[in-house]
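Asks: Handing you this structure, nothing more for now.
The values are calculated or read from the model by the stated rules, or taken from the named source; none is laboratory data. Small disclaimer: the values here were computed from a predicted structure and weren't measured. Note: ideal-geometry Cβ built from the backbone for every residue, glycine included; neighbour counts use all protein chains shown. Accessible surface areas use protein heavy atoms only, side chains included; no ligands, DNA or RNA. Shrake-Rupley method; radii C 1.70, N 1.55, O 1.52, S 1.80 Å.
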Amino acid sequence: MATIGHLDTTGAGGAAAHHHDHAGGHCLNCGAARVGDFCHDCGQSGHVHRTMGAIGHELAHGVFHFEGKIWRTLPMLLFHPGALTRRYIDGERARFVSPLALFLFILFVLFAMLSVIGAHLELPELEEKQGHSARVKIEQSIARNGEQIARLTTERARAATQADRDAIDARIAERQRDTAATQTVLATMEGGKLSGLEKVRTGWKRLDKGLAKAAENPNLMLYKLQSNAYKFAWVLIPLSLPFMWMLFPFSRRFTTYDHAIFVTYSLCFVSLFGIALSLAGMNGATGGLLMVFASIAIPIHMYKQLRGTYQIGRLGAALRTVLMFVAANVALAGFITLLMGLGLVG
């Protein structure tokens, strides 16, 4: 009852801008008797702001406090990833941003930046002159294949032995396969559609409908792919865990939790690296140069994180880095396949 009365007198008429019990009093959140400035039961401060300025204060505190930690976490993530991961696993939590919170925050920044700069996936559209030239070359290739098939057919009729005829048949089949593939490319170019995809039938009506839509408007499919990548990026963590277990099979030293923390901090670095590459691309860096840089920087980071986290030797870390790099690409391919499936049936 003391708590209720206390709330009534403070809130009456809105006269008080804030409420602050020094040492003692009751917690305004749970009603427990406080001993000091904070409730020992729920942790709430006894100093409760009730001003508009307090809203701005809480916003700044929320960003820069989450984020006083971030200035300790980011340098460690970039330059000492193994030490960061190991210290967090071993229980040093208050100094660093949790890996999942950091991952989600970086993803938000990455996709917000991509949205602002207008970076999105879409099929390249050929200019009318370029498109006409490409179609002419493809049609010429089909015509050459037709001429070769006709010539080979004549040669087959003159062949003296069955072995010669079998050899010519193999060459004719190869030319026919090449012609079919080239005709598919030509059909795909027509009208900016993925011609032929709508003819695929899986027996699942929802998927077949999605394939037809993707054939009609492939850029919509790519938009869904990019949108789902942000929503479901966390799926990369469970997708990667089996591969991490395979690097240390039947190990009693390292648990699934250790692997999850490792993977999440590693994904944080890759996402940060994606932000850096996007900014570099905006400032004129070529795509080829960025890919070379990424193919060097990411494995080096993996190596350092593996050595520090699992406290293994150079050779063991190097071998596992190669395996982990391959596994990461397999997990990424599985993730993209999942996104495409969601886009088709969604």
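Asks: Sort out which residues of segment 308-329 are open to solvent by 80 Å² or more (accessible area, probe 1.4 Å), touching a residue at least 60 places away in the same chain (Cβ under 8 Å) and either part of a helix (DSSP H, G or I) or aromatic (Phe, Trp, Tyr) (or both), and write them in order of number.
Replies: Listed by number, the list holds a single entry, 323.
Asks: So which residues in segment 303-346 are of a type in the set (A, V, I, L, M) and more than 22 Å from the chain's Cα centre (by Cα), if there are any at all?
Replies: Passing the criteria: 312, 315, 317, 318, 319.
Asks: Can you go through 91, 82 and tell me which one is open to solvent by less than 80 Å² (accessible area, probe 1.4 Å) and either assigned to a loop (DSSP other than H, G, I, E, B) or among the polar types (S, T, N, Q) (or both)?
Replies: Only one candidate qualifies: 91.
Asks: Now for a separate question. How many residues does segment 14-56 hold that are at pLDDT 65 or above and not in a loop (DSSP other than H, G, I, E, B)?
Replies: So the answer is 12.
Asks: Right, something else. If a residue must be of a type outside the set (Gly, Ala, Ser) and part of a loop (DSSP other than H, G, I, E, B), how many such residues does segment 250-273 contain?
Replies: 5
Asks: What about residue 302, is it surrounded by 12 or more Cβ atoms within 10 Å (Cβ to Cβ), at pLDDT 95 or above and within 29 Å of residue 226 (Cα to Cα)?
Replies: yes
Asks: If residue 226 passes every condition in (1) in contact with a Phe, Trp or Tyr (Cβ under 9 Å, 6 or more places away or on another chain); (2) at pLDDT 80 or above; (3) open to solvent by less than 70 Å² (accessible area, probe 1.4 Å); (4) not charged (D, E, K, R) but one, which one does it miss?
Replies: For residue 226, the exception is condition (2).
Asks: Further question: With the structure loaded, tell me whether residue 276 is outside any loop (DSSP other than H, G, I, E, B), touching a Leu at 6+ places or on another chain (Cβ under 7 Å), within 25 Å of residue 114 (Cα to Cα) and without any contact (Cβ under 8 Å) to a residue 12 or more places away in the chain or whether it fails that test.
Replies: When the stated conditions are applied, residue 276 does not pass them.
Asks: Next question. Would you be able to tell me the number of residues in segment 146-184 that are in contact (Cβ under 8 Å) with a residue 24 or more places away in the chain and surrounded by fewer than 14 Cβ atoms within 10 Å (Cβ to Cβ)?
Replies: Final tally of qualifying residues: 2.
Asks: Still on this model: I'd like the residue in segment 237-255 that is more than 16 Å from residue 317 (Cα to Cα) and surrounded by 11 or more Cβ atoms within 10 Å (Cβ to Cβ) and, out of all such residues, is nearest to the chain's Cα centre (by Cα).
Replies: 237
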